[in-house]
Amino acid sequence: MEQFSFKERIIFALVLCFVETVSGQSFPCVLRETKYGSVCVCNATYCDYLEDPTPVDDHEFVVVSSSKAGLRFDTTHGLFNLFKKHFIFDYDMRVSQAQKQPEFSSDRVNDKRYVHLEINREKHFQKITGFGGSHTGAVTYLTDQLPPTLQDHLYESFYAERGIGFNLMRIPLGGCDFDLSPWAYNEYPENDAELTNFTIDARDELRVAQIRRLIEVSKVKNLRIKGAAWSSPRWMKSNNAWTGFSHLKKEYYETWVNYHIKWIEMMEEQGLPIWAISTGNEPMNGVFFMYFVRFMSLGWTPKNQAIWLNDYLGPAIRNSKYKDLVLFGNDDQRYTYPYWFKMMNSTRENSLDYLDGLAVHWYWDEMVGPSLMDDALKMMPDKILLTTESCIGDKPWQKAAPLLGSWYRGEKYARAYLQDLQHGFNGWIDWNIILDEAGGPNYVNNTVDAPVIANTTDFQEFYKQPMFYTIGHFSKFIPEGSIRIESKRSNVNVDEIAFLRPDGTVCVVIFNSGKANVEVSVVDSEHGSIVLDLPPKSIHTLLYT
Ligand SMILES: *[C@@H]1O[C@H](CO)[C@@H](O)[C@H](O)[C@H]1NC(C)=O
Ligand SMILES: *[C@@H]1O[C@H](CO)[C@@H](O)[C@H](O)[C@H]1NC(C)=O
Ligand SMILES: *[C@@H]1O[C@H](CO)[C@@H](O)[C@H](O)[C@H]1NC(C)=O
Ligand SMILES: *[C@@H]1O[C@H](CO)[C@@H](O)[C@H](O)[C@H]1NC(C)=O
Ligand SMILES: *[C@@H]1O[C@H](CO)[C@@H](O)[C@H](O)[C@H]1NC(C)=O
């Protein structure tokens, strides 16, 4: 058992006082036990936030912690090279500490593991574009039913600095499966190659109004919106249907480009400039997976997509006033990498030059290792690499609904974010920012989990899932422009990743997925060392200048 000296106890007490004054403006999580763990409850008058905890003094460090037991963005302050050891007390220990002396349960101490972490600021890797979520029709529909102040809490929770600091957003052009019904612009008149009836839809007016409010209340500095189409109007497709085996009719290749440009113009007129588009959501759904996928899709082979990109979309965009629009390719699963792009390149040799980025969906990553992504980056080292869709509950063996409070699902995200960032990814866009208790609405019942779940009994509360916090351990602390730096661990008792931020702060995310405490000795190439004792099943973001 670790004993603090008298001097350490005094300093510890002073640090605790300091914490209290600093966190005066922050609002702790209101933890509620739910079926699968714990969630944080927000209502119209209360929601949890953490003001920027970055230390100002260069002898100081801050650890922000979340755990299965119930820590949610809990902050611990410490000083470099002063304490022998800094304990991150877990939630249950803090509760018992408030009543009596801290207690260390013997099994936790006895099982303790050790890791040595070296942080080298001199060795640089990829630069971060950012993190975000998606504003689907389902999100618009649910958000609209929350009281206005609770809507604001949703926006701030994701996009404000005191929230989890998102700066990216993905929205569908028209509908997607997370909608009440399938839809596209200019569905009528049919066979209208000139798109004479391309107008804003009522569903979009509401989405646009919500996003504008989101920008206003969250004060997000540089929101980057990325669009993707699930399906064209049915009349442009070979099967004249929303789903099933399909391709775009050749005579509408140019119309389909104009459809995208008209959408960008329309959004700009509505005050929402578009940062990027992709060549279309999950093209494989309409050529290979049509027996499983019952929602809106448009099939593309890499060959046809190379022709459309190289002969139509690419030149049209680069010769328009949107020449700086960021173009993403693929927007489908990891297992299509890098084969998809090789096929495109063999069809039209220069087609890949039109792409600024590679968009990949996370769903089958656990089956397919990250080496496919390494190969893709080797082939195209200058492209932005983003995950553009992720959620849990899509697999036949997973519960196709939110598991309220599931730390296990939060951990899945932590593991996945770490892996992608360790393999050169520039950021990550998650799927729906809010869903209902059943994981919808979704017009084909393709229900899944989300980082925030609305209580649709009376729409007076929403719940932040553990996933919200594990995403936040990255998104909140690793802003756009951060550069990954080298970190080396002596063994696999923790997983970690380190960044140097534009403000000069070093940010290290450390994940303890094990059942034992882990003592981590962090050694910074310039600053010296910190020894942290991390509780089981926890994730931490360490910040210092
Ligand atoms: C909202 O949550 C706060 C904090 O838990 C609580 O004090 C308050 O009573 C809640 N308001 C309503 C209307 O339930
Ligand atoms: C234009 O689209 C609207 C629906 O957005 C539809 O009601 C209307 O009939 C269409 N106009 C024509 C001429 O097809
Ligand atoms: C595309 O193919 C050509 C040869 O046909 C090759 O020289 C080039 O490196 C390929 N581009 C990429 C990005 O692999
Ligand atoms: C979705 O589920 C509801 C309720 O179980 C059912 O009534 C509806 O028919 C289902 N819709 C589809 C497209 O499967
Ligand atoms: C949702 O709200 C209803 C009504 O206030 C309440 O009975 C129910 O327990 C809430 N659900 C959760 C998961 O807290």
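Among the residues here, residue 509 does not qualify as assigned to a strand (DSSP E or B) and either surrounded by fewer than 18 Cβ atoms within 10 Å (Cβ to Cβ) or within 16 Å of ligand 1 (Cβ to nearest atom) (or both). Pairing residues of segment 275-287 that are at positive phi with residues that are aliphatic (A, V, I, L, M), at Cβ distances under 8 Å and at least 6 apart in sequence or on separate chains, gives 280/228; 280/229; 280/298; 282/293.
Using the structure shown, decide if residue 439 is more than 13 Å from the chain's Cα centre (by Cα), surrounded by fewer than 24 Cβ atoms within 10 Å (Cβ to Cβ) and touching a residue at least 40 places away in the same chain (Cβ under 8 Å). So residue 439 fails the test. Return the pairs, sorted by first residue and then second, in which the second residue is at pLDDT below 95 and crowded, with 24+ Cβ neighbours inside 10 Å, the first residue lies in segment 143-172 and is within 16 Å of residue 207 (Cβ to Cβ) and not assigned by TED's automatic domain parsing to the domain that holds residue 203, the beta carbons are less than 7 Å apart, and the residues are 6+ apart or on different chains. Within 7 Å, no pair qualifies.
Pairing each residue of segment 27-45 that is outside the structural domain of residue 408 (by TED's automatic domain parsing) and free of Cβ contacts under 8 Å to residues at least 40 places away in the same chain with any residue that is in a strand (DSSP E or B) and near ligand 5 (Cβ under 10 Å from one of its atoms), provided the two are 6+ apart or on different chains, yields C-beta distances under 8 Å for 30/41. Scanning segment 340-362 for residues that are buried (at least 23 other Cβ atoms within 10 Å of the Cβ) and part of a helix (DSSP H, G or I) turns up 340, 341, 344, 351.
If you go through segment 429-445 and keep only what is part of a loop (DSSP other than H, G, I, E, B), under 15 Å from residue 403 (Cα atoms) and either within 16 Å of ligand 3 (Cβ to nearest atom) or of a type in the set (A, V, I, L, M, F, W, C) (or both), you end up with 434, 438. Could you list, in sequence order, the residues of segment 474-484 that are crowded, with 21+ Cβ neighbours inside 10 Å and part of a strand (DSSP E or B)? Hit for segment 474-484 is 484, nothing else. Note on segment 191-218: residues that are surrounded by 13 or more Cβ atoms within 10 Å (Cβ to Cβ) and within 16 Å of ligand 2 (Cβ to nearest atom) total 10. Considering the conditions (1) more than 16 Å from ligand 1 (Cβ to nearest atom); (2) at pLDDT 95 or above; (3) charged (D, E, K, R), residue 458 is excluded by exactly one of them, (1). Being free of Cβ contacts under 8 Å to residues at least 40 places away in the same chain, more than 16 Å from ligand 4 (Cβ to nearest atom), of a type in the set (D, E, K, R) and closer than 17 Å to residue 260 by Cα, is that true of even one residue in segment 293-316? No, segment 293-316 has no match at all.
Can you confirm whether segment 383-392 contains a residue that is out of contact with any strand residue (DSSP E or B) (no Cβ under 6 Å at 6 or more places or on another chain) and touching a residue at least 40 places away in the same chain (Cβ under 8 Å)? Checked against the condition, which is being out of contact with any strand residue (DSSP E or B) (no Cβ under 6 Å at 6 or more places or on another chain) and touching a residue at least 40 places away in the same chain (Cβ under 8 Å), segment 383-392 yields at least one hit. How many residues does segment 76-87 hold that are under 16 Å from residue 28 (Cβ atoms) and surrounded by fewer than 20 Cβ atoms within 10 Å (Cβ to Cβ)? Final tally of qualifying residues: 1. Checking the stated criteria, residue 146 turns out to be modelled with pLDDT of 95 or more, within 16 Å of ligand 1 (Cβ to nearest atom) and part of a loop (DSSP other than H, G, I, E, B). Only one of the numbered conditions (1) in contact (Cβ under 8 Å) with a residue 24 or more places away in the chain; (2) part of a loop (DSSP other than H, G, I, E, B); (3) within 27 Å of residue 321 (Cα to Cα); (4) not small (Gly, Ala, Ser) is not met by residue 196, and that is (1).
The values are calculated or read from the model by the stated rules, or taken from the named source; none is laboratory data. Source: prediction; values computed, not measured. Here Cβ is always computed from backbone atoms with ideal geometry, including for glycine, and neighbour counts include all displayed protein chains.
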